[in-house]
Amino acid sequence: MDKALLLYDGVCVLCQKSVVWLINKDHKGLIQFSSLQGETAKAHLSAQELQVMSSLVLIYNQKQYHKSSAFLKLMQLLNWPYKGLYVFMLVPKFIRNAVYDVIAKNRYKWYGKHASCWLPNAADKWRFLE
């Protein structure tokens, strides 16, 4: 199975905690990570996309997933019971993304923001592309 690349907001506390959670749940080591502020993101996204980015971006099997679709595809890559959340792809995208956008818009206010990107521990460093 191919590796998945998750591009996330490296200064967002919620995003960082989500990455740590994913590392702990991804027992197969399928998911690699890079912050949206790094060079890997610049290689995969246009400058315009990076400028307005307030979303997770998942790159898997040469396809990009954004917002709620990225989250649900990530869940599909994990073991049960998380894999079961993929059923929410049946919910229309405009509804899923409306919920996602509320969380994304308020993530700094609710969870905080770091001055710099978080760095993984030595055991998990191989999962990060930069």
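The values are calculated or read from the model by the stated rules, or taken from the named source; none is laboratory data. All figures in this text were calculated on a predicted structure; none of them were measured in a lab.
Within segment 64-114, the set of residues being of a type in the set (K, R), on the phi < 0 side of the Ramachandran plot and within 14 Å of the chain's Cα centre (by Cα) comprises K73, R107. Of the helices (runs of 4 or more DSSP H) lying entirely inside segment 31-130, those carrying at least 2 residues that are farther than 21 Å from A4 by Cα and either among the hydrophobic types (A, V, I, L, M, F, W, C) or at pLDDT below 90 (or both) are 47-51, 93-111.
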